[in-house]
Amino acid sequence: MKERRKTLSLSQNDLAEMSELGLATIKDIERGKGNPSMATVSKIMDVLGMEIIYRVRNTVAE
């Protein structure tokens, strides 16, 4: 996330404002702290022009 943000020349504050999240939330995520919800991650990914792909993993029950 941090790398993509920097590639787009966005500050943490820019990303917070554009994603309508708190600056502390952005800082925590970039430091590997906290546990953001999927809604929070989705907002950030939208701003960064990225998408989340959900996959169902196949498991074999014996």
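General remarks:
- Scanning segment 15-31 for residues that are under 13 Å from LYS43 (Cα atoms) and either of a type in the set (D, E, K, R) or in contact with an Asp or Glu (Cβ under 8 Å, 6 or more places away or on another chain) (or both) yields a count of 3.
- Pairs are defined by a Cβ separation below 8 Å, a sequence spacing of at least 6 or placement on different chains, a first member in segment 49-62 that is exposed (fewer than 10 other Cβ atoms within 10 Å of the Cβ), and a second member that is modelled with pLDDT of 85 or more and in a loop (DSSP other than H, G, I, E, B); the pairs so defined are GLY49/LEU8.
- Selection of first residues in segment 11-33 that are farther than 14 Å from MET1 by Cα and of second residues that are modelled with pLDDT of 95 or more and among the charged types (D, E, K, R), restricted to Cβ pairs under 7 Å at least 6 apart or on distinct chains, gives the following pairs, ordered by first then second residue: GLU20/LYS43; LEU21/LYS43.
The values are calculated or read from the model by the stated rules, or taken from the named source; none is laboratory data. All figures in this text were calculated on a predicted structure; none of them were measured in a lab. Positions of Cβ are backbone-derived with ideal geometry, glycine not excepted, and every protein chain shown enters the neighbour counts.
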